[in-house]
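Q: Take a look at this one; I'll ask things after.
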Amino acid sequence: DTEVTQTPKHLVMGMTNKKSLKCEQHMGHRAMYWYKQKAKKPPELMFVYSYEKLSINESVPSRFSPECPNSSLLNLHLHALQPEDSALYLCASSRGATGELFFGEGSRLTVL
Amino acid sequence: QKEVEQDPGPLSVPEGAIVSLNCTYSNSAFQYFMWYRQYSRKGPELLMYTYSSGNKEDGRFTAQVDKSSKYISLFIRDSQPSDSATYLCAMTGGYGNNRLAFGKGNQVVVIP
């Protein structure tokens, strides 16, 4: 079982809705990540938090808003999404910056 | 030229065969090399992790890194139907850079 927990597993939302994805880890990792993955593609990095501070934003549209309330939690707030934003959203954590990422099972988002 | 090249062609093998996967890369700063396994509709799982050049073995899995050729490989011996998944190579330079460069992934099907 993964030690990174994501909720919800599935989410369907309209283009005017506001929703949030949540991620939790209790491994003491100080880096947390949001990735987006489309079918048959590798994960694409969206945001990185290091020691609870946003360290990387890969030019993600402002309709995606990350938040790191504490070292164990990571949220992704969603607002005014487009159908092309439908994807698997993956949270991950790591102890350092050497690539050993622990991924959650993902939240599958459908935007109607 | 993409940073990481992984021929995304699907691979079907009979049970018990050796599976051979590889990636090439262009960035000589990469030092940490990973193979992630991703089952359908799940998040990626770290399978093998190697620092710098050399071989690493874990049960039926062997990872090889040749930094002089900028080439990494994953071998799966005595393949099982449970090995059917997508295998993603990934790499990073470390040094506080939390970005991973992923290959496109190989879908492997082991036929009983």
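Each value in this text was obtained by applying a stated rule to the coordinates, not by laboratory testing. Bear in mind that the values here come from a model prediction, so they are computed numbers and not experimental data. So basically every Cβ, Gly included, is an ideal-geometry build from the backbone, and we count neighbours across all protein chains shown.
Q: Hey, can you tell me all the residues within the stretch A:8-33 that are under 25 Å from A:A97 (Cα atoms) and either touching a residue at least 60 places away in the same chain (Cβ under 8 Å) or hydroxyl-bearing (S, T, Y) (or both)?
A: A:L21, A:C23, A:Q25, A:M27, A:G28, A:H29, A:R30, A:A31, A:M32, A:Y33
Q: Give the residues of the stretch A:2-61 that are outside any strand (DSSP E or B) and either in contact with a helix residue (DSSP H, G or I) (Cβ under 8 Å, 6 or more places away or on another chain) or among the charged types (D, E, K, R) (or both), sorted by residue number.
A: A:E3, A:K9, A:M15, A:R30, A:K38, A:K40, A:K41, A:E52, A:E58 - these are the residues of the stretch A:2-61 that are outside any strand (DSSP E or B) and either in contact with a helix residue (DSSP H, G or I) (Cβ under 8 Å, 6 or more places away or on another chain) or among the charged types (D, E, K, R) (or both).
Q: Output the residue which, of all residues in the stretch B:69-100 that are touching a residue at least 60 places away in the same chain (Cβ under 8 Å) and more than 14 Å from chain A (Cβ to nearest Cβ), is surrounded by the fewest Cβ atoms within 10 Å (Cβ to Cβ).
A: B:P81
Q: Being buried (at least 23 other Cβ atoms within 10 Å of the Cβ) and more than 14 Å from B:L46 (Cβ to Cβ) is the filter; apply it to the stretch A:87-106 and report the residue that is nearest to the other protein chains (Cβ to nearest Cβ).
A: Once the filter is applied, the top-ranked residue is A:G106.
Q: How many of the residues making up the stretch B:101-112 are more than 18 Å from B:G43 (Cβ to Cβ) and buried (at least 16 other Cβ atoms within 10 Å of the Cβ)? Walk me through how you get there before you give the answer.
A: Filtering the stretch B:101-112 down to residues more than 18 Å from B:G43 (Cβ to Cβ) leaves B:101, B:109-112.
Then keep just the ones that are buried (at least 16 other Cβ atoms within 10 Å of the Cβ); that gives B:101, B:110.
Final tally of qualifying residues: 2.
Q: Say whether the condition of being within 11 Å of another protein chain (Cβ to nearest Cβ) and outside any loop (DSSP other than H, G, I, E, B) is met by at least one residue in the stretch B:50-68. If you could, list the steps in order and put the result at the bottom.
A: Step one: of the stretch B:50-68, the residues within 11 Å of another protein chain (Cβ to nearest Cβ) are B:50-51.
From what's left, outside any loop (DSSP other than H, G, I, E, B): B:50-51.
There is at least one residue in the stretch B:50-68 that is within 11 Å of another protein chain (Cβ to nearest Cβ) and outside any loop (DSSP other than H, G, I, E, B).
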